Amino acid sequence: MTITKSDEVLRQCLQSLVIFHIKERSNRLKHDFQSHMERFLFIRSLLTNDEMQNIDKELNKSFNNLQKCPKSIKNMEQIVSLILTKGARFKCDDIESCEFNLAKAINQLLLAKLNIAQYSNYFYRDGFCVHFFLCYSINVTNDMCTDRTLISINMQYYQAAIDLLLFIIQCLKHVFKQEVWAKVCLLDILNMIIPRNIVRNHEIFFDASLIGLLDLILNEYSLEDKILLDKDFGDIFQRILDNLIENNQLHTLLSIYDANEHIQNIFRNSWNNQKYVNIMTRNRTARQFFNALLDDHLFRTWLTSTDLLFILLQKKECKIVKKLLKLSPSNVHQIDENGNDPLLYICLKVRGCREFLVEFLIEMGCDLQRRNLKGENLIDALQLERNRQLLERLIEREVIQIDNISGEITSNS
């Protein structure tokens, strides 16, 4: 499918609208949850122990009826009334042996209605926490929508699944301490919410929904420095980052990086230039992903402060080096741990055909007289035996000239 520039602009606009909708929906659910919780706690505080036991038993019975009796709006309304107006409480577990299994009930009452009957039993996995189970289900639904052989997704139920996940996030936030939630739950969701490549226009909603959820969770639950410095968190985050790079997930990668300063710090600590450059230069698709990554100003500003340029020079990635330096010209003056700028580096540490890169670096304004920490300059590097052919080609191409008396090297550009 050919995508024009106007198509891409439209997609970005639609994606922004969907993400905005999810944020607004989350804020509304957060407000409703807090309001209902305050009222619930107040009502329950007025009950005697016997009243609590009786009302809780009644709620237990209502939940169990969902599995035994025909489902009805009346039964649902009764459950809502028992909780919000009478202060009833019921503990729901997520394993098969429990009397009422919340995850299984969600599968039967909500996810099985997504209009893909042949997959309705595929969603349920015994023993998963509800938030993980919902993320898994939403992610699987996103995969399904890319299969041209399947019938369309029921968007009303899909939206209900997202709303339920947003609600459960508020519940988890209420139950757990911030650091417990961030370590146990955030990574579960990061592992599951990995948007796929968009194939058709109607899939923008699914892609944007997942990115919106990811953005929301990162901003709300990743603000504790001590969490982000946790080794377990760092190890799992590293694997998530590897997966995103391997699968060319540009939007997701940038959403994570742009979340906040704390996430950027752990992102930078987990980034491995050597490994990721190898991945992002292995084929045409990966190179397109790499180029798109460099087009992001915030991400590029950080990357150019790392040793990325020297790794690209070592690999003689001429096109990407040119793109990087044209976007960030000041990097021609960057130095490595030995005091080599890019020009000295490629002459001293890189082998093989390099005259076009050397010519470009000279054109970009590298200092021809610069000396490294060993006192070596460009003429010293070019006069090495291994660079004899390089020097001859540079003179032959009239890129440089050397004064026979002073030995000084100058460029012809």
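Quick check: anything in the stretch 403-411 in contact (Cβ under 8 Å) with a residue 40 or more places away in the chain, under 24 Å from N273 (Cβ atoms) and not in a helix (DSSP H, G or I)? No, there is no match, as no residue in the stretch 403-411 is in contact (Cβ under 8 Å) with a residue 40 or more places away in the chain, under 24 Å from N273 (Cβ atoms) and not in a helix (DSSP H, G or I).
Per the listing G365, G352, the residue uniquely small (G, A, S), at positive phi and surrounded by 15 or more Cβ atoms within 10 Å (Cβ to Cβ) is G365. Scanning the stretch 362-384 turns up one or more residues that are among the hydrophobic types (A, V, I, L, M, F, W, C), over 17 Å from L313 (Cα atoms), touching a strand residue (DSSP E or B) at 6+ places or on another chain (Cβ under 7 Å) and assigned to a loop (DSSP other than H, G, I, E, B).
Within the stretch 340-357, the set of residues being closer than 13 Å to A381 by Cβ, out of contact with any Cys (no Cβ under 7 Å at 6 or more places or on another chain) and in a helix (DSSP H, G or I) comprises L344, Y345, I346, C347, L348, K349.
Residues in the stretch 192-251 that are modelled with pLDDT of 80 or more, within 16 Å of S270 (Cβ to Cβ) and not in a helix (DSSP H, G or I): Q249 alone. Whether any residue in the stretch 60-75 is under 20 Å from L213 (Cβ atoms) and at pLDDT below 65 is what I want to check. Checked against the condition, which is being under 20 Å from L213 (Cβ atoms) and at pLDDT below 65, the stretch 60-75 yields no hits at all. Inside the stretch 317-335, residues that are assigned to a loop (DSSP other than H, G, I, E, B) and surrounded by fewer than 18 Cβ atoms within 10 Å (Cβ to Cβ) make up a count of 1. Taking the criterion of being more than 11 Å from the chain's Cα centre (by Cα) and farther than 21 Å from I311 by Cα, the residues of the stretch 236-273 that qualify are I236, R239, N247, N260, E261, H262, Q264, N265, I266.
Checked across the stretch 381-397, the condition of being surrounded by 16 or more Cβ atoms within 10 Å (Cβ to Cβ) and of a type in the set (V, I, T) holds for no residue.
The values are calculated or read from the model by the stated rules, or taken from the named source; none is laboratory data. Treat the numbers as computed from the prediction; the structure is a model and nothing was measured. FYI the Cβ positions are ideal-geometry reconstructions off the backbone, even for glycines, and counts take in every protein chain you see.
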